[in-house]
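To start, the structure itself, in C-alpha cells.
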Amino acid sequence: MIKITAIETGKAICKTLQETAQNNNRSGIGRKIDIFRDPHFVDPLPILVYLIEHPEGNFLVDTGDTWRNSIHGYLPRWNPFFTKMVSIRVAPAEEIGFQLNKMGIDPAKDIEAVILTHFHHDHTGGLDHFPRTRIIGSRENYAEYLSVKGKIGGYLPQRRPIWFKPELIDFTANPTGGFSASHPITKDGRIFLVPTQGHCTGHLSVVVRGDDFTYFLAGDASYNEENIRNEKTDGVTFKPDVALATLKNIKSFATNEPTIVLPCHDRNSMTRLANKQTFA
Ligand SMILES: [Zn+2]
C-alpha cells in the first residue's frame, strides 16, 4: 500500500506578487522589483511537507523550515528579501522532526530518504532532524544553493548542517509523461522524480503512482494548483519562459492521467488530498 500524508510545518507570508507575478512576460529582475514595491501580503500560506509511506520505506518530500527564523541574526540582515519580503512563522513543535515523532515515526531512523524539491530555506530548514538519513536533491539546484546568487535569492547555505552531503541527481535519461527526463527512487518505479525548472534552477517534482491515483508533489514549481491551471508564473522565477513551459508540462501530465496535484504552499492541498480531488 502507498499512502501520502501532508504535514503542515508552519506558515509563510509573502507578497502577492511573489505568489503570482503580474504577467508571464515580466522579466526576472522586473519581477523582483514588483515584489519589492508590492504593498500587499498574502494570507498566510502553509509550509507543507509530504510523507510517502511505501513498501520500500518512508520517504519525505522537503523538510519545511525551522523556528530559528525567529532568532535575530538567523536571517541575513543585509538582505531585504529575507527580512522584509517573506515572513516565516514556525513554532518549535511545528518542526517536521517533532511532528513525525508524534506520528510514531523516528525521524533519525524511520525515514528511508528525504527528497528535496529544491534547497530554498523553507524546504531545507528542517534538515537538522535527519543527520543519518539519505538526502536527495538535484545537482543543478545544489550548485545554485551554494552560489553567491543563491545567497541573495532565497537560499541559506550558511545555515546547512555541517554533515550535509546530499546525493545529487542529474536528469539525463528516461523521458516520461511529457517530461524530458526522470529518475526512479524506488525499485518498483512507483516513486520517481521529474525536472520542473523555473521557480529556480534545477527544481524537481516527485511523482507517486499510488494505488488509486497518481500524486504530483510539485514543491514550488507553482505555489498553487490554480496557477498551474491558468498558466500563471510566480514572482520568484528568473526564467519566465522556462517556468511557463513547466506549468504547461504539469498541466498536460495531470490531464492525461488522474492526478492529485500537491504544491508545497497551496492552501487547498490538504483538502484536495483528503477529498481525493484530481486535477482534471
Ligand atoms: Zn521555493
Considering region 115-148 alone, what residues qualify as being among the polar types (S, T, N, Q) and within 13 Å of the chain's Cα centre (by Cα)? T117, T124, S138, N141
If I filter region 208-227 down to residues being under 13 Å from the mean Cα position of the chain (by Cα) and assigned to a strand (DSSP E or B), which single residue comes out as farthest from the ligand (Cβ to nearest atom)? F216
Just wondering, is there one or more residues in region 55-71 that are part of a helix (DSSP H, G or I), farther than 19 Å from H265 by Cβ and open to solvent by 20 Å² or more (accessible area, probe 1.4 Å)? yes
Write out, first by first residue and then by second, each pair whose Cβ atoms fall under 9 Å of each other, whose residues are 6+ apart or on separate chains, and whose first residue, in region 153-176, is touching a residue at least 12 places away in the same chain (Cβ under 8 Å) while the second is open to solvent by less than 70 Å² (accessible area, probe 1.4 Å) and among the basic types (K, R). G153/K32; R159/R68
Taking region 256-280 and keeping only residues that are hydroxyl-bearing (S, T, Y) and farther than 24 Å from C200 by Cα, one is left with T271, T278
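For (1) under 18 Å from the mean Cα position of the chain (by Cα); (2) within 16 Å of the ligand (Cβ to nearest atom), each residue gets a yes or a no:
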{"residue": "G150", "(1), (2)": "yes, yes"}
{"residue": "L156", "(1), (2)": "yes, yes"}
{"residue": "I162", "(1), (2)": "no, no"}
{"residue": "L168", "(1), (2)": "yes, no"}
{"residue": "N174", "(1), (2)": "no, no"}
{"residue": "H183", "(1), (2)": "yes, no"}
I need a count of the residues in region 231-242 that are open to solvent by 10 Å² or more (accessible area, probe 1.4 Å) and over 19 Å from H40 (Cβ atoms). 6
Within region 243-280, of all residues that are over 19 Å from the mean Cα position of the chain (by Cα) and in contact (Cβ under 8 Å) with a residue 24 or more places away in the chain, the one most open to solvent (accessible area, probe 1.4 Å) is N256
Which residue is nearest to the ligand (Cβ to nearest atom), if the candidates are limited to region 185-200 and must be touching a strand residue (DSSP E or B) at 6+ places or on another chain (Cβ under 8 Å), open to solvent by less than 20 Å² (accessible area, probe 1.4 Å) and in a loop (DSSP other than H, G, I, E, B)? H199
Out of region 77-106, which residues are in a loop (DSSP other than H, G, I, E, B), modelled with pLDDT under 95, of a type outside the set (S, T, N, Q) and open to solvent by less than 70 Å² (accessible area, probe 1.4 Å)? M85, V86
Within region 130-170, which residues are of a type in the set (V, I, T) and open to solvent by less than 40 Å² (accessible area, probe 1.4 Å)? T133, I135, I136, I169
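Quick grid of which residues meet (1) out of contact with any Gly (no Cβ under 9 Å at 6 or more places or on another chain); (2) within 24 Å of H54 (Cα to Cα); (3) in contact (Cβ under 8 Å) with a residue 12 or more places away in the chain:
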site: R134; (1), (2), (3): yes, yes, yes
site: S138; (1), (2), (3): no, yes, yes
site: Y145; (1), (2), (3): no, no, yes
site: R190; (1), (2), (3): no, yes, yes
site: V194; (1), (2), (3): no, yes, yes
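The values are calculated or read from the model by the stated rules, or taken from the named source; none is laboratory data. Remember, predicted model here, so these are calculated numbers, not experimental data. Cβ sites come from the backbone with ideal geometry, for glycine too, and all protein chains shown count toward neighbours. Surface accessibility is based on the protein's heavy atoms, side chains included, excluding ligands, DNA and RNA. Shrake-Rupley method; radii C 1.70, N 1.55, O 1.52, S 1.80 Å.
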